[in-house]
Amino acid sequence: MTATDDSGIENDSSTVLRYPSAARKYTAADVALYVVVVEGTECGKRIEIGLVPISVGRHSDNYFALADPFVSGRHCVIMFENGQIWVSDLSSSNGTFIDGQRVQQRAVWPAAATLQVGNQMLRREYHRREDVKRSDELAKDLRHAARYVRTLLPQPLRSGAQRGTGRRHFRLFLAERRALCLLSIGREWSRRRGGTSFHLGV
């Protein structure tokens, strides 16, 4: 969106992003480009794309570590260069793919394309940094809640009839209901507060 100065001349010195459901405005500085795992065992994991190249691989010392046996220790590198996002394969065992096409050494990652690394499907998404922070805080709270719920679960039953089995089953039922309630509240909060994403070409 272009801005108009006092002289009436249009300029593109500022960018305004609008939410469809609200009249609030956000500048480009409020929004960042992220690599997000949208499918796979690491679904939901993300990292912001900046000026530093992002190493992707199974080893924990990568900037973006993916716990997937089909991902090589040093699998690929994602970088921002000359206004585009590039992906370089590091001679990985199972290859790096963009929309099903294997990356031969180096290729541009288009805005709407899916990047496959092992069994993980990655997409480029724009998110407000504030929403990402809130989502991370929610995920942390849910992990704490899950640990608390596990402390309420009864010990596994041994074979054969046990005295108090009915009470144990009832405790298990209550714990499961609490867990489902917490997860439902968390998902709804995330949907309302941090679910908006932008898909803009870079």
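The values are calculated or read from the model by the stated rules, or taken from the named source; none is laboratory data. Computed from a prediction, not measured in an experiment: that's the story for all the values here. Neighbour counts are summed over all protein chains in view; Cβ atoms, including those assigned to glycine, are modelled from backbone coordinates with ideal geometry. These area figures cover heavy atoms from the full protein model, side chains too; ligands, DNA and RNA do not enter into them. Shrake-Rupley method; radii C 1.70, N 1.55, O 1.52, S 1.80 Å.
Here are a few things to note about the model shown:
- Within this structure, Ser88 passes the test of being within 18 Å of Pro53 (Cα to Cα), in contact (Cβ under 8 Å) with a residue 12 or more places away in the chain and hydroxyl-bearing (Ser, Thr, Tyr).
Let's see how each residue does on (1) closer than 11 Å to Val56 by Cα; (2) at pLDDT below 95; (3) assigned to a loop (DSSP other than H, G, I, E, B):
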{"residue": "Ala67", "(1), (2), (3)": "yes, yes, yes"}
{"residue": "Val77", "(1), (2), (3)": "yes, no, no"}
{"residue": "Ser88", "(1), (2), (3)": "yes, no, no"}
{"residue": "Phe97", "(1), (2), (3)": "no, no, no"}
{"residue": "Gln104", "(1), (2), (3)": "no, yes, yes"}
{"residue": "Ala113", "(1), (2), (3)": "no, no, yes"}
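- The set of residues from the stretch 87-130 being in contact with a strand residue (DSSP E or B) (Cβ under 9 Å, 6 or more places away or on another chain), open to solvent by 30 Å² or more (accessible area, probe 1.4 Å) and among the polar types (S, T, N, Q) comprises Asn94, Gln101, Gln104, Gln105, Thr114, Gln116, Asn119.
- Taken over the stretch 91-121, residues that are under 13 Å from Ser55 (Cα atoms) and under 18 Å from the mean Cα position of the chain (by Cα) amount to 1.
- Screening Asn62 with (1) in contact with a His (Cβ under 9 Å, 6 or more places away or on another chain); (2) assigned to a loop (DSSP other than H, G, I, E, B); (3) modelled with pLDDT under 95 gives one miss only, at (3).
- Boolean, Leu33 is among the aliphatic types (A, V, I, L, M) and surrounded by 16 or more Cβ atoms within 10 Å (Cβ to Cβ): yes
- Any chance Arg129 is at pLDDT below 95 and farther than 25 Å from Asp68 by Cα: yes
- Summed over the stretch 85-136, residues that are out of contact with any helix residue (DSSP H, G or I) (no Cβ under 7 Å at 6 or more places or on another chain) and basic (Lys, Arg) total 5.
- Residues that are free of Cβ contacts under 8 Å to residues at least 40 places away in the same chain and in a loop (DSSP other than H, G, I, E, B) were ranked within the stretch 45-57; the one that is least open to solvent (accessible area, probe 1.4 Å) is Gly50.
- Scanning the stretch 90-129 for residues that are within 15 Å of Gly44 (Cα to Cα) and touching a His at 6+ places or on another chain (Cβ under 9 Å) turns up Val117, Arg123, Arg124, Glu125, Tyr126.
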